[in-house]
Amino acid sequence: VFTAGGAAYHGMGAQLLRALPEITSPISANFPLGDVSAWIFTPAHEPLPADYLWGTALVSQAHAQLTLGLLGLRPSAAIGYSSGESNVLYAFGVWNDIGAMRREILETGMLDREIGVEFRAVARAWQVDRADWAVWNVLAPVDEVRTAISGEPRVHLMLINTDRNVVISGDASACERLVKTFGIQRCRPVGYNLACHVPELQAEFHQPWLDIHTRHVTPVDGVRFYSNGVSGAYAVSTQACAAAITRQAETTVDFPATIRAAYDDGVRIFVEHGPSGACTNYIREILSGHDILAVHLDRRDHNIPQIFDE
């Protein structure tokens, strides 16, 4: 399991990267490590969306070097959560040009102009000069949230983490009104502020997103790949990967549906790659009462002990 960019935090994976610097060697061919790791080793660094995305990618790929390389794990399934879907494909060698993808994302202004920071794509979709966007984690039942946001056309159900843990995003003022409705004690602002998994992306950034994710594919035998774009497994190809990742970027991510599909297909052990352990907590709740094992490789300030503990 590969987590999303929002899982990033200052110092993520620092102990692991210092202890095993050799696991970054294969990654360094595609990443400018000095830039990508700035947030990891520089506490004063104020992160932008690109920092979240690429910092998480660095730790996720390092974890893949650890599990698939050093530890020799041979998984039969691979699951991504949001941007984790791209990290899955790179970790398993389905895609092999992460450096090129990073350059294309920079060239299109995806993270700093279109769906982040300036939110130009959102402004075009709303036909306004400037859009003020916000993302909030809400601890409330999905149906309650759906009902609450139904009266706010510029607020969307972005992510369903579990049946009682969701993420909403949209117009900042409208989100604040909803937070008051839910109660601030049940809500938390999300620092990774992107207009993703929402219809505004489909309306105004569909083709650039699709183009960025249309990449040469090297088939991998023995692994089922899962996407939230289809809420289950799919046969990888250049077109299928692009279509699945684009669909999950333009609609609500229903993570429980994907995890339940994987369980129905026989998956019983889930190993989370990337910072923190949010996906592990979601999986344990989604499959509560089932005979599974869900573990995560990273723990804040305890990167190395976490690997041995799990």
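The values are calculated or read from the model by the stated rules, or taken from the named source; none is laboratory data. Quick caveat, the model's predicted, so the values are computed rather than measured. With ideal geometry, Cβ positions are generated from the backbone for all residues, glycine too; neighbour counts draw on all protein chains shown. Just so you know, the surface numbers come from the protein's heavy atoms only, side chains and all, with ligands and any DNA or RNA stripped out. Shrake-Rupley method; radii C 1.70, N 1.55, O 1.52, S 1.80 Å.
Residue-level check: of (1) touching a residue at least 12 places away in the same chain (Cβ under 8 Å); (2) more than 26 Å from Asp35 (Cα to Cα); (3) open to solvent by less than 20 Å² (accessible area, probe 1.4 Å); (4) assigned to a helix (DSSP H, G or I), Ala123 misses just (1).
Return yes or no: is Val1 surrounded by 19 or more Cβ atoms within 10 Å (Cβ to Cβ), closer than 21 Å to Arg300 by Cα and in contact with an Asp or Glu (Cβ under 6 Å, 6 or more places away or on another chain)? Against the criterion (surrounded by 19 or more Cβ atoms within 10 Å (Cβ to Cβ), closer than 21 Å to Arg300 by Cα and in contact with an Asp or Glu (Cβ under 6 Å, 6 or more places away or on another chain)), Val1 qualifies.
Please go through region 154-196 and pick out each residue that is in contact (Cβ under 8 Å) with a residue 24 or more places away in the chain and open to solvent by 60 Å² or more (accessible area, probe 1.4 Å).
Let us first name the residues in region 154-196 that are in contact (Cβ under 8 Å) with a residue 24 or more places away in the chain, namely 154, 156-173, 175-179, 181-182, 186-196.
Across region 154-196, the qualifying residues are Arg154, Asp163, Arg164, Ser173, Glu176, Arg177, Thr181, Arg186, Arg188, Pro189.
For region 9-22, the criterion of being within 20 Å of the chain's Cα centre (by Cα) and open to solvent by 20 Å² or more (accessible area, probe 1.4 Å) is satisfied by at least one residue.
If I ask for residues that are farther than 17 Å from Thr3 by Cβ and either aromatic (Phe, Trp, Tyr) or touching a Cys at 6+ places or on another chain (Cβ under 8 Å) (or both), which ones from region 239-279 would you list?
Tyr263
Scan region 197-210 and tell me whether some residue there is farther than 21 Å from Ala131 by Cβ and either small (Gly, Ala, Ser) or buried (at least 19 other Cβ atoms within 10 Å of the Cβ) (or both). No, region 197-210 contains no residue that is farther than 21 Å from Ala131 by Cβ and either small (Gly, Ala, Ser) or buried (at least 19 other Cβ atoms within 10 Å of the Cβ) (or both). Residues of region 166-208 that are assigned to a loop (DSSP other than H, G, I, E, B), out of contact with any His (no Cβ under 8 Å at 6 or more places or on another chain) and not hydroxyl-bearing (Ser, Thr, Tyr): Gly183, Val190, Gly191, Asn193, Ala195, Cys196.
None of Leu106, Leu111, Leu66, Leu71 is within 21 Å of the chain's Cα centre (by Cα) and open to solvent by 20 Å² or more (accessible area, probe 1.4 Å) except Leu106.
Residues of region 135-149 that are over 15 Å from Pro189 (Cα atoms) and among the small types (Gly, Ala, Ser): Ala148 alone. In region 1-51, counting only helices (runs of 4 or more DSSP H) that sit wholly within it, the ones holding 3 or more residues that are free of Cβ contacts under 8 Å to residues at least 60 places away in the same chain span 25-28, 33-36, 38-41. Among the residues of region 248-276, the ones that are open to solvent by 10 Å² or more (accessible area, probe 1.4 Å) and either at positive phi or not in a strand (DSSP E or B) (or both) come to 13 in all.
Could we say that Ser288 is buried (at least 18 other Cβ atoms within 10 Å of the Cβ), hydroxyl-bearing (Ser, Thr, Tyr) and assigned to a loop (DSSP other than H, G, I, E, B) here? Against the criterion (buried (at least 18 other Cβ atoms within 10 Å of the Cβ), hydroxyl-bearing (Ser, Thr, Tyr) and assigned to a loop (DSSP other than H, G, I, E, B)), Ser288 does not qualify. Close contacts from region 228-241, counting a first residue that is more than 14 Å from Asn96 (Cα to Cα) and part of a helix (DSSP H, G or I) and a second that is open to solvent by 40 Å² or more (accessible area, probe 1.4 Å) and among the polar types (S, T, N, Q), with Cβ to Cβ under 8 Å and a gap of 6+ residues or different chains, come to Gln239/Thr214.
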